[in-house]
Amino acid sequence: MKLFESISLGEIILKNRIVMAPMTRSRAINNIPNDLMAEYYGQRAGAGLIITEGTSPTANGIGYARIPGAYTPEQIVGWKLIADKVHENNGKVFVQLMHCGRVSAKENIPMGETISASAIQLEGEMYTDSSGMQAHDVPKEMSKTEIIETQNGYAAAAKELIETSKVDGVELHAANGYLLDQFLNPKSNVRTDEYGGDYKKRARFVLETVKKTIDVIGANKVGIRFSPYGVFNDMQGEHDEVELIYTYLAQELSKMNISYIHIADQRAAMGAPDFSTDIKKTIQNNFNGIMIVGGDVDSAEKGETLLTEGYDLVYVGRPFISNPTLVSKLKEEIDLVQVDFETAYTPGEKGYTDYK
């Protein structure tokens, strides 16, 4: 099967075409990656590529309880523990940089205030360790100074992760309603300056952030994740410029020669409606790099089908949580263990490193 064959990704060789998708697990006590997380990722190094959980590039990007950061020396040391463990097990790892933006509550932010493209509050509540369920903050619309500072934060985190932590690359999380996606989406971005309005202006923040990241670590170490038609975190899935903005992004990212585009399919795990166009092919047809796709993949056959459709890599999400040796299980057609969702986001090893 092609799924189990090696492939080049920039300057690295992946031993198979299965990607462990980024999944928040909330084990980073004080937002610092730790030995337990190193064990978790090391257990799953059978994947051709691991994309880590969302990791904040700045202190005010920490939206959820116990998610890791990459903005202090202690955090960078923690990520080196993880990179070393994955590499010891012959794996490759990209850290996903995720600024949560308005998906936040002040109790979860160690420093600073909640910011977003526009001052539009996300409805509903989120969990905090200190006060239980709390309403999302009303975000501050980012000034141009804050835009530049945040972009520089992404670049600084990427530089430290590559040079000091020795990870293989970074993925910019522009999906699922987090900060980069908040700029892309007309529901969360109602700005009237050069960062809001038509689709090219809404894409500006993302493209500038990519460019600054490339400038410090190189294009072949940079990937990006999108979720076209996604509705998670109250995004507007359908609007008149969906095809236009993702076509434009794909074309501009091709010019920058980034390593890959990763398409998050929210239909299975997040209940999003069907795509109204073949947006994955539209993006692929306008992009000259590696394409990662997936969604509801729990067998080798499903993964192989996506490869035969012309895509390059297949991401697998939840099955990796409860099956650390997922790749060999898929290859040998061994029944998969189901996820215990009650322990998905709790601290400690239960429901994390104790799966077999």
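Values as computed for the structure displayed
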{"item": "Options Val206, Val190, Val170, Val222; residue that is surrounded by 22 or more Cβ atoms within 10 Å (Cβ to Cβ) and farther than 18 Å from Cys100 by Cβ", "result": "Val222"}
{"item": "Evaluation of Ala119 against (1) small (Gly, Ala, Ser); (2) farther than 30 Å from Ser328 by Cα; (3) touching a residue at least 40 places away in the same chain (Cβ under 8 Å) (one fails), failing number", "result": "(3)"}
{"item": "Hits in the stretch 221-244 (condition: in contact (Cβ under 8 Å) with a residue 12 or more places away in the chain and among the acidic types (Asp, Glu))", "result": "Asp234, Glu238, Glu241, Glu243"}
{"item": "Qualifying residue in the stretch 245-261 (condition: part of a helix (DSSP H, G or I), surrounded by fewer than 16 Cβ atoms within 10 Å (Cβ to Cβ), small (Gly, Ala, Ser) and without any contact (Cβ under 8 Å) to a residue 40 or more places away in the chain)", "result": "yes"}
{"item": "Some residue of the stretch 308-324 being among the small types (Gly, Ala, Ser), at pLDDT 95 or above and closer than 30 Å to Glu252 by Cα", "result": "yes"}
{"item": "Hits in the stretch 9-28 - residues which are under 19 Å from the mean Cα position of the chain (by Cα) and either within 16 Å of Lys350 (Cα to Cα) or among the polar types (S, T, N, Q) (or both)", "result": "Thr24, Arg25, Ser26, Arg27, Ala28"}
{"item": "Qualifying residue in the stretch 277-288 (condition: aromatic (Phe, Trp, Tyr) and either touching a Phe, Trp or Tyr at 6+ places or on another chain (Cβ under 6 Å) or part of a helix (DSSP H, G or I) (or both))", "result": "no"}
{"item": "Val19 vs. criteria out of contact with any Pro (no Cβ under 6 Å at 6 or more places or on another chain), part of a helix (DSSP H, G or I) and of a type outside the set (D, E, K, R)", "result": "no"}
{"item": "Inter-residue pairs, beta-carbon under 6 Å, first touching a residue at least 60 places away in the same chain (Cβ under 8 Å) and in the stretch 38-59, second of a type in the set (D, E, K, R), 6+ apart", "result": "Gly48/Lys15; Gly48/Arg17; Leu49/Lys92; Ile51/Glu171"}
{"item": "Looking only at the stretch 283-307, and only at residues there that are acidic (Asp, Glu) and either crowded, with 22+ Cβ neighbours inside 10 Å or under 21 Å from the mean Cα position of the chain (by Cα) (or both), the one that is modelled with the highest pLDDT", "result": "Asp298"}
{"item": "All positions within the stretch 116-130 that are surrounded by 12 or more Cβ atoms within 10 Å (Cβ to Cβ) and in contact with an Asp or Glu (Cβ under 6 Å, 6 or more places away or on another chain)", "result": "Ser118, Ala119, Leu122, Thr128"}
{"item": "Residues that are part of a helix (DSSP H, G or I), under 20 Å from Phe94 (Cβ atoms) and among the aliphatic types (A, V, I, L, M), drawn from the stretch 142-200", "result": "Ala155, Ala156, Ala157, Ala158, Leu161, Ile162, Leu179, Leu180"}
{"item": "Test: residue in the stretch 72-80 that is part of a loop (DSSP other than H, G, I, E, B), in contact with a helix residue (DSSP H, G or I) (Cβ under 9 Å, 6 or more places away or on another chain) and over 21 Å from Leu184 (Cβ atoms)", "result": "yes"}
{"item": "Candidate set from the stretch 88-129 (those that are in a loop (DSSP other than H, G, I, E, B) and of a type in the set (Ser, Thr, Tyr)); member that is nearest to Pro33 (Cα to Cα)", "result": "Ser104"}
{"item": "Selection count where residues are under 19 Å from Asn220 (Cα atoms), of a type outside the set (A, V, I, L, M) and in contact (Cβ under 8 Å) with a residue 12 or more places away in the chain, scope the stretch 1-21", "result": "6"}
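The values are calculated or read from the model by the stated rules, or taken from the named source; none is laboratory data. Everything quoted here is computed from the prediction, not taken from an experiment. Methodologically, a virtual Cβ is constructed for each residue, glycine included, from the backbone with ideal geometry; neighbour enumeration extends over all protein chains shown.
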